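These notes are about the structure you will find just below.
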Amino acid sequence: MIGPETEHRAKTAAALLDWYAEMGCTEAVDESGTDWLAKSNTAPGDDVRAAINALTASSSAQTSTGASSPSGSSRYAKSSSPPRPPHASNQPAPTRTPPSTQPPRAPSAARPAAKPAPADGAVLEARIAATAAPTLEALSAAIASFDGCGLKRTAKNVCVFRGAETARIAVIGEAPGRDEDLAGKPFVGAAGQLLDRMLAAIGLNEDNTHITNVVYWRPPGNRAPTPQEVQTCQPFLERQLEMVDPDVLFLMGGSAAKQIFATTEGIMRTRGKWRTVNIGGRERRTLATLHPAYLLRTPSAKHMAWKDLQAVRKLLAE
Ligand code: URA
């Protein structure tokens, strides 16, 4: 006979499992959690990354950085240099080191000046694979077999793109959600259906539009992708856009705008203002708008998206 305490513990455990599943933690990675802070002050894999960085440091030092122009031209300019974080184009890239448990140290003249963070091995690997892909099909296969983005471990499918393989306009969103993960295609859920209606209103559809995201796998629990995850996918996206060769990039929401514009500014500041982004040595007119998922939650904001859609329609008609 099961006692009340055992029953209570079983119910608590079941509720906890349900909660994990809801948060997107559907994969058992280890039997128990690891307290990385107790082990050391560095993240798992930092030693490997440091070794790769030591090997690539000399070539990285010789490449240019593809700096942003005041007009908003971004790091998407063709460059073999290691990419920089989306929110700090002149700052060192973030590392995966967990936050220190020590109180901050006072600046000291004896400490060496902060060195720029080294290139991440996964980003380098992505760039090599992306550069080697001669076609969109080969690129899709390269993305599917790439293991450098942690999101792949929890996703069911890779979602590269849907729509036209070459197009005058590319729509770039944030990340696949649950429906996209199941279907293996971007923007097929409720937000995608709204996106299709928005595009249809200005004469666009899958035959003349390329639709993708800044990351190719669903983040667990539909959280926003981290800057590191976006950075890791960036070489693939850059190569993809080179091949699609759009005149216009239409960015859905803050994650895409922050990455493509290399800014920390929120979407309410960046939306509705045309900028120029250099991809593969060619300038692309680029506009950010509100994400369709946000519009579903906030219908009162639709007038702003409508204004942005009209601006896209006008530009494409020129
Ligand atoms: N939201 C996105 O940003 N992309 C998708 O593919 C689906 C929802």
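Here are a few things to note about the model shown:
- Pairs with Cβ under 6 Å, 6+ apart, first in the stretch 138-150 and surrounded by fewer than 18 Cβ atoms within 10 Å (Cβ to Cβ), second assigned to a loop (DSSP other than H, G, I, E, B): Ser140/Val160; Ala144/Val158
- Counting residues in the stretch 275-292 that are within 14 Å of the ligand (Cβ to nearest atom), assigned to a helix (DSSP H, G or I) and open to solvent by 10 Å² or more (accessible area, probe 1.4 Å) gives zero.
- Of all residues in the stretch 180-193, exactly one satisfies the criterion of being over 18 Å from Ile143 (Cβ atoms), more than 7 Å from the ligand (Cβ to nearest atom) and touching a Phe, Trp or Tyr at 6+ places or on another chain (Cβ under 9 Å), namely Gln193.
- In the condition set (1) buried (at least 18 other Cβ atoms within 10 Å of the Cβ); (2) under 20 Å from Asn208 (Cα atoms), Leu316 is compliant with all but (1).
- When the stretch 213-224 is filtered for residues that are surrounded by fewer than 24 Cβ atoms within 10 Å (Cβ to Cβ) and under 27 Å from Asp308 (Cα atoms), the ones remaining, listed by number, are Asn222, Arg223, Ala224.
- Filter result (in a helix (DSSP H, G or I) and closer than 14 Å to Thr226 by Cα) within the stretch 258-269: Lys258, Gln259
- Only one entry of Ser300, Ser255 meets the criterion of being without any contact (Cβ under 8 Å) to a residue 24 or more places away in the chain and of a type in the set (S, T, N, Q), and that entry is Ser300.
- The condition of being farther than 16 Å from Ala288 by Cα, crowded, with 20+ Cβ neighbours inside 10 Å, within 18 Å of the chain's Cα centre (by Cα) and among the small types (Gly, Ala, Ser) holds for only one of Gly254, Gly184, Gly173, Gly192, that being Gly192.
The values are calculated or read from the model by the stated rules, or taken from the named source; none is laboratory data. Worth saying up front: this structure is predicted, and the values here are computed from it rather than measured. Here Cβ is always computed from backbone atoms with ideal geometry, including for glycine, and neighbour counts include all displayed protein chains. These accessible areas exclude ligands, DNA and RNA; they are computed on the full protein's heavy atoms, side chains included. Shrake-Rupley method; radii C 1.70, N 1.55, O 1.52, S 1.80 Å.
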